[in-house]
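Here the structure is laid out as structure tokens; the discussion comes afterwards.
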Amino acid sequence: MRVIAGRPDGSIEILDGYRAAARNGRELVALEIDDLLPLPEEATLTHLPGRRPVAIDSDGAAVGVAGEWLAVAAVLPVGHLRTLLPATLREPAARRLPLYGYTAVVEHDGELLCAAMRTDSFAWWQPARYGRVDLPAAVQAARAALPGNRLVDHLARCALENRCYTAQNTFHRRYEGALPASPACNADCLGCISLQSDGEVPAPQDRMRFAPTADELTALADWHLRGDDAAIVSFGQGCEGEALTRDDALVEATRRIREMHPSATIHVNTNGSKPHVLERLIDAGLNSVRISAISFNDAVFRPYYRPIGYDLDDVIACGRLMHERGGQVCLNMLTFPGVTDVDQEVDATARACESMGVDQVQWRSLNVDHDWLLDVLPALPPGAGIRAAHQRMRELLPGVEHGNFTRPVGALV
């Protein structure tokens, strides 16, 4: 396996004389063919400014690749999970990398391979379904049907400029419709994709700047769910803060949506910070929750989330509430090689899933500068590898589904 390296002009080259390597957290590992998949068609390659590629020389020693080369990484399409980080050495003056899930990529026998595994092939989220030529017309149809609804203009930017799949689904009135609800958040996550509080790296998308009314949320949900292929509406999108901070508006909207659409899945994506608000939403008709977590170890959870006014007990209480009320509980597990796969992390996550009655674990690559994250986390024992962690979680949680995407209530059984 050979190293892929980049030049400042944007070109890439395959380098001889080295064996390609990767990183599992801070640990350098030699790549094996079983670690790799052919680079998916929808993946992209990216240079990593201020990072030199690291490889293994003919003596088996780790070395920085000689010359003015830039490290190269892959960014994977949906339904794929990164298993190893690119082997890189950060230059002293390097700036923070944009928020993507950087994945080790190599060349072998004339083919590009990446350190990844396929986690979900759910048909609704296949990339070929998106970016269709009829999307602008679908946006115009929504504007005509919902005049003055600020959510339509907000989601139009998400769909047309940011190429958000959920926003596109909303306008095509199929599968999952987005109901972003909150401009505010009660956490300051390192990997927040809508707001970077220190401004050291641009957020990939703009945080919504208004608080939608219950009327706006209800009208958009009703319009979406009247589509022939629609099944879900979901509060809590990547373009907003924490949905549970909008308790009264969401409770009222949920109550009205449930009255109009008795069989719909009404879902919230949340950091799990406000169980008392989630309980009110369940009373109003919410029947599905996806709770995001990087860890159920406070020493890892807290420096990443930087939570304000809540802790892991609240997170677990949210899952228990939905489970006890008969709803669907999903865990959005933000995975990171060298963290997620540490034995104590796997055990803590499995215990939390059992306590919350999790129906599905969604394995997602955490989009963050890998060196920045490791700078703020405590030192952890070596991990067993994401593939091994995935297999062990399956063994520890019999009957729990593992994938990448939320299904309608009842579709997991």
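With one equal scatterer per alpha carbon and no solvent term, the Debye-computed log10 I(q)/I(0) for the range 1-42 at 0.30 1/Å reads -1.07. If you count the DSSP beta bridges with both ends in the range 106-261, what percent of them are antiparallel, to the nearest 5? Around 35 percent antiparallel, to the nearest 5. With a Förster radius of 35 Å applied to the beta-carbon distance between E27 and D228, the computed FRET efficiency rounds to 0.10.
Residues in the range 165-197 near a label at D247, defined as backbone nitrogen under 17 Å from the 7 Å Cα→Cβ point? The answer is 182-187. The residues packed around L84, meaning those with a beta-carbon under 11 Å from its beta-carbon, carry a net charge of -1 if Lys and Arg are +1 and Asp and Glu are -1. Computed about the Cα centre, the dipole magnitude for the chain is approximately 840 debye when only Lys and Arg (+1) and Asp and Glu (-1) carry charge, each at its Cβ. Simple spin-label estimate for L89 and E41 gives 3.9 nm between the two label positions (7 Å along the Cα-to-Cβ direction from each Cα). Think of it this way: in the chain, C114, C185, C239, C318, C330, C353 stand alone, with no other Cys Cβ under 4.7 Å.
Taking one quarter of the surface of the C-alpha convex hull of the range 2-118 gives a mean projected area of 7.2 nm². Ordering A299, I12, S263 by Cα displacement along the dipole of the chain toward the positive end leaves S263 in first place; charges were set at the Cβ atoms of Lys, Arg (+1) and Asp, Glu (-1). By the Stokes-Einstein formula, at 1.567 mPa s and 4 °C, the range 166-278 with its Kirkwood radius over alpha-carbon pairs has D equal to 90 µm²/s. Of the Cα atoms belonging to the range 86-148, the radius of gyration and Dmax stand at 20.1, 56 Å. DSSP finds beta bridges in the chain, and of those with both partners inside it, around 55 percent are antiparallel. Taken about its Cα centre, the range 2-118 carries a charge dipole of about 660 debye when Lys and Arg each add +1 at the Cβ and Asp and Glu each add -1 at the Cβ. Relative to its Kirkwood radius, the Cα radius of gyration of the chain gives an Rg/Rh of 0.98. Taken about its Cα centre, the range 57-186 carries a charge dipole of roughly 940 debye when the Cβ of each Lys and Arg holds +1 and the Cβ of each Asp and Glu holds -1. The smallest convex shape that holds all Cα atoms of the range 112-168, its convex hull, gives 117 Å³ per residue. Summing +1 for each Lys or Arg and -1 for each Asp or Glu among the other residues whose beta-carbon sits under 12 angstrom from that of A123 gives +1. Evaluating 6.51 cos²θ - 1.76 cosθ + 1.60 at θ = phi - 60° for every residue in the range 52-59, the Karplus couplings come out as 8, x, 10, 9, 10, 7, 5, 8 Hz, glycine and proline recorded as x. Along the axis of the charge dipole computed for the range 315-356 (Cβ charges of +1 for Lys and Arg, -1 for Asp and Glu, origin at the Cα centre), the listed residues A352, G326, V315 are led at the positive end by G326.
Listing V315, V106 from fewest to most neighbouring C-beta atoms within 10 Å gives V315, V106.
What FRET efficiency, computed as 1/(1 + (r/R0)^6) with R0 = 35 Å and r the Cβ-Cβ distance, is obtained for Q140 and M260, rounded to the nearest 0.05? Using R0 = 35 Å, I get an efficiency of 0.90. What separates the Cα centres of the range 228-251 and the range 114-139 is a distance of 21 Å.
Rg ratio for the range 281-379: its Cα radius of gyration over 2.2 N^0.38 Å, N being its residue count, equals 1.10. For A211, neighbours were defined as the other residues whose beta-carbon sits under 11 Å from its Cβ, and their charges (Lys and Arg +1, Asp and Glu -1) total 0. Name the residue from H276, L155, N367 whose Cα lies farthest towards the positive end of the charge dipole of the chain, charges +1 on Cβ of Lys and Arg and -1 on Cβ of Asp and Glu. Selected residue: L155.
Out of every Cα-Cα pair in the range 91-228, what percent are more than 20 Å apart? Across the range 91-228, Cα pairs with separations above 20 Å total 59 percent.
Coordinate-derived values only; no laboratory data. Computed from a prediction, not measured in an experiment: that's the story for all the values here. A quick note on method: Cβ atoms are made from the backbone with ideal geometry, for glycine too, and the neighbour counts reach across all protein chains shown.
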